[in-house]
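To start, the structure itself, in structure tokens.
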Amino acid sequence: MLFQKSVQLRAALFGFLLLCAAAVQAQTAKLPNVTILATGGTIAGTGATSTTTVGYTAATVGVQALINAVPEISKVANVTGEQVFQIASENISNEEWLKLAKRVNVLLAQSNVDGIVITHGTDTLEETAYFLNLVVKSKKPVVVVGSMRPSTALSADGPINLYNAVRLAGDPAAAGRGVLVAMNDQIHAARDVTKANTTTADTFRTAELGMIGVIQGGKPFFYRDVTRKHTVDTEFDIAKLDALPQVDVAYAYANVGAVQVNALVAAGAKGLVHAGVGNGSLPAKTKPALIAAREKGVVIVRSSRVGQGIVARNGEANDDQLDFVVADTLSPQKARILLMLALTKTNSTKEIQRMFSTY
Ligand code: DAS
């Protein structure tokens, strides 16, 4: 009798466990599959004390520790983590960009990956986001995220930023919008966002064109979309590239001369972005060096150090006559990225100007 009871109890227990397993499997099956690619930065940083928010060490915490620090993530997505590299982002190179972009494209081509989060240092986060915006070949969400306080700090912003980024990357509403930057509950388009403050948590801003959405309670709300081409609609393909053309930026200011331009050309720049004053103005002492560079075949793009607004073609310089390109509203650092990719396709300034009007 007792034996029969024991068998029945075991059967009931086994049945219950099966039901639990099925319920977990059903729940997991419903959750999006999000891969977190970690690259370093403050979000992976540690400080000596909980009040150390400057003078900490970036890029010390591994991807699994970042995921483990936010257990809520496992309730909203099936997450896997990869450490692509571990650096402070002021040190990121073209080679790391190519490695990251190739990994993103391989993963997004897999049916078992619904979206990608990239944890990244904030210093060049906007550049990596824009580079990926031009070379990722998928409509699936790619969300770049960082933090302004290290993981050890009071009110560290990394955990909530990472949670929000995973929610966003797993949300079909985020698909087809290009690479997104999710920081401080805000959603920004990769093309137009910039780091606007050296240390505050609200540093990522799209000053005049505005953020494209907000994350509230973990849910994304979109209010506008981007108009320039990105991801699957771009003409750039890095799959077979192991290097990118050397393109540099020369920065203008009162009393500037030709030293920067001449040095960058001598060092082998194939393209040069001039971060002009105002509407991309060319100081008289710099202009001859830019003309000489153009005559050597260096492609010159006129951008502006101002940060907002369109650099008008044939405005502050006769671009038609000089055979220069204008950067539209792209910052100098983002104009450099587009010019690098443009030079992988063509040296025609007419074609390159079309690209600056397209992306
Ligand atoms: N050094 C900065 C970087 O890695 C730290 C940060 O803000 O992420 O970009």
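The values are calculated or read from the model by the stated rules, or taken from the named source; none is laboratory data. These numbers were taken from a predicted model, which means no experiment stands behind them. All Cβ positions, even for glycine, are placed from backbone atoms using ideal geometry, and neighbour counts span all protein chains on display. What goes into the accessible areas is simple: the full protein's heavy atoms, side chains included, and nothing from ligands, DNA or RNA. Shrake-Rupley method; radii C 1.70, N 1.55, O 1.52, S 1.80 Å.
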Task: Those residues of the range 88-97 which are surrounded by 14 or more Cβ atoms within 10 Å (Cβ to Cβ), within 16 Å of the ligand (Cβ to nearest atom) and part of a helix (DSSP H, G or I), in sequence order - done: SER89, ASN91, GLU96, TRP97
Task: Residue among GLY280, GLY297 that alone is of a type in the set (Gly, Ala, Ser), more than 22 Å from TYR359 (Cβ to Cβ) and in contact (Cβ under 8 Å) with a residue 24 or more places away in the chain - done: GLY297
Task: Pairs where the first residue, in the range 134-157, is over 17 Å from GLY170 (Cα atoms) and the second is within 16 Å of the ligand (Cβ to nearest atom) and aromatic (Phe, Trp, Tyr), C-beta under 7 Å, 6+ apart - done: PRO150/TYR56
Open item on the list: As an exercise: evaluate GLY210 against (1) assigned to a loop (DSSP other than H, G, I, E, B); (2) within 22 Å of ARG336 (Cβ to Cβ) and give the number of the one condition it does not meet.
Closed with: (2)
TODO: Tell me which residues, restricted to the range 335-353, are open to solvent by 10 Å² or more (accessible area, probe 1.4 Å), farther than 11 Å from LEU134 by Cβ and of a type outside the set (Lys, Arg).
DONE: LEU343, THR346, ASN347, SER348, THR349, GLU351, GLN353
TODO: Working carefully through the options THR57, THR35, THR80, find the one that is closer than 30 Å to ALA156 by Cα, within 16 Å of the ligand (Cβ to nearest atom) and surrounded by 14 or more Cβ atoms within 10 Å (Cβ to Cβ).
DONE: THR57
Open item on the list: Considering only the range 316-328, I want to know if a residue exists there that is touching a residue at least 60 places away in the same chain (Cβ under 8 Å) and touching a helix residue (DSSP H, G or I) at 6+ places or on another chain (Cβ under 7 Å).
Closed with: no
Open item on the list: Restricting to the range 285-300, name every residue that is under 17 Å from TYR253 (Cα atoms) and buried (at least 16 other Cβ atoms within 10 Å of the Cβ).
Closed with: THR286, LYS287, ALA289, LEU290
